[in-house]
Amino acid sequence: MKAPNKRSATTISDIARLSGVSKRTVSRVLNHSPKVGGETRDKVQKVIDELRFKPNLQARGLAARRSYFLGMIYDNPDALYIDEVQRGVLSVCREFGYELVVHPCDRASDTLTAEAIAFVDRSKLDGVIVLPPVSEDNDLAGALGKDDVPYVRLAAIALDTADHVVVSNERSAVAAMAEYLVELGHRRIGYVAGPEGRKSTRERLEGFCEALAKHGCSPCEEMIQRGAYSFESGRVCGKALLEMTPPPTAIFASNDEMAAGVIVAAQDMGLRVPEDVSVAGFDDSALATRIRPSLTTIRRPVREMARLATAKLIAAIDGREAEARMGIFLDPELVVRDSTRPLRAAAESRKASAQGRRKGS
């Protein structure tokens, strides 16, 4: 059988003819349908790869009665976080032939839900992924469900049924951080929390305090400062904590941006990190390895969460219900770097520095 001229437009009919299968089978392979056997799938895919066939998305969408567009709804000022999410989403979109359309919004707006639904309709989306903190809005989720729009939420707790959520177990993660700081000998530990009213803020604060309580060192109210998940709020909160008498020997900020602010506040006050105060964060964003000292933090699997959420969403769109309903709970991990050290070592370092200054005077 003669292959089509590679300079001409290859069609599904060409793929079917060269593979010895029907056009419906080729279509199922292109749409990742589970109804095609492995041997047949490999045979068809080999022809697709050899001819570098790219399906016409418009024609494909008309045939399948879908647009092959997914949406992403978010209100998050952290560009590094959004970049990680998009990389995870796009890795699956490329595999299944989808395009991504993004919709930045204002979570505090009275028209949030109406604007989000208008975005879905205007863009003719097959489904949407909703990021925190917007993902915590049950009114939006309810409106999407009412309009039969497939959606998946990224969240810190299981705030929806399994087919609509991917969860990062943040309570256990911050508990691990608290245990780590206690093991280093720290007992007077400051905490920089996120904005009030967010579920992630509550999960992280409660998990951290509960773990410290087990060791008899729960932070007093003055040791907990309220930030805004921003660098500047971390700087302000860090300064307030370090001006206390006595100051904390360690500070945990509930995201990396605020932790970076705490480090700068300490340095502005003439303090060294970690010799005078240990500092830790949450997220393991790119910032964590770019600042000095590099940041001890909790690695939240943002890209993997986004990847799994997209796979779950496409499974729901395709009608693969068993895959769509599979519960997904991911555990963040503690990453130890240079911004923390044992309390005794820090005290000895401070003593040695003081002696060196006296000798030089």
Cα-projected label distance for residue 183 with residue 323, points at 7 Å along beta-carbon direction, nm
3.8 nm
On the protein heavy atoms, probe 1.4 angstrom, tell me the percent of accessible surface of the stretch 156-293 carried by carbon and sulfur.
51 percent
If Lys and Arg each add +1 and Asp and Glu each add -1, what is the summed charge of the other residues whose beta carbon sits under 12 Å from the beta carbon of residue 175?
-3
Among (i) 41, 23, 19; (ii) 50, 22, 17; (iii) 30, 26, 22, the value of semi-axes √(5λ) of the Cα gyration tensor in Å computed for this structure carries the label (ii)
Suppose a student asked you for the relative contact order of the chain, using Cα pairs under 8 Å spaced at least 6 residues apart; what percent would you report?
16 percent
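Using a 1.4 Å probe, what is the accessible area per residue for the chain, in Å²?
49 Å²
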Go through the stretch 17-33 residue by residue and turn each phi into a ³J(HN,Hα) via Karplus (6.51, -1.76, 1.60, θ = phi - 60°); whole Hz please, and just put x for glycine and proline.
5, 6, 8, x, 10, 7, 5, 4, 5, 4, 4, 5, 5, 4, 9, 6, 6
Taking a spot 7 Å from the Cα of residue 83 along the direction of its beta carbon, which residues of the stretch 101-130 have an amide N less than 19 Å from it?
102-104
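Work through the residues other than residue 11 whose Cβ is under 11 Å from its Cβ and net out their charges, Lys, Arg +1 and Asp, Glu -1.
+1
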Would you mind working out the magnitude of the charge dipole of the chain relative to its Cα centre, with +1 at each Lys and Arg C-beta and -1 at each Asp and Glu C-beta, to the nearest 20 Debye?
1560 debye
Kindly state, to the nearest 0.05, the FRET efficiency for residue 49 paired with residue 148, given R0 = 35 Å and r defined as their beta-carbon distance.
0.50
So how do 281-293, 227-239 stack up, highest first, on mean other-Cβ count within 10 Å?
227-239, 281-293
Net lengthening on full extension, residue 214/residue 338 (0.36 nm per residue, minus Cα-Cα):
42.0 nm
Is the stretch 152-207 best put as rounded, prolate or oblate by its Cα gyration tensor, with a ≥ b ≥ c the root eigenvalues, rounded for a/c under 1.5, and otherwise prolate when a/b is larger than b/c, oblate when not?
oblate
Divide by every residue of the chain the summed helix terms, -39500 (n - 2.57) for each DSSP H run of at least 4, and state the resulting mean residue ellipticity at 222 nm, rounded to the nearest 500 deg cm²/dmol.
-14500 deg cm²/dmol
Given 173-179, 29-35, the highest-first ranking by average Cβ count within 10 Å works out to 173-179, 29-35
Report for the chain the percent antiparallel among DSSP-assigned beta bridges with both residues inside it, nearest 5.
10 percent
So residue 76 and residue 33, fully extended at 0.36 nm per residue minus their Cα-Cα distance, gain in nm 12.0 nm
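The values are calculated or read from the model by the stated rules, or taken from the named source; none is laboratory data. Bear in mind the structure is a predicted one, so any value in this text is a computation, not a measurement. As a convention, Cβ positions derive from the backbone with ideal geometry for all residues, glycine included, and neighbour counts pool all protein chains shown. Side chains are part of the model used for accessible areas, which takes the heavy atoms of the whole protein and leaves out ligands, DNA and RNA. Shrake-Rupley method; radii C 1.70, N 1.55, O 1.52, S 1.80 Å.
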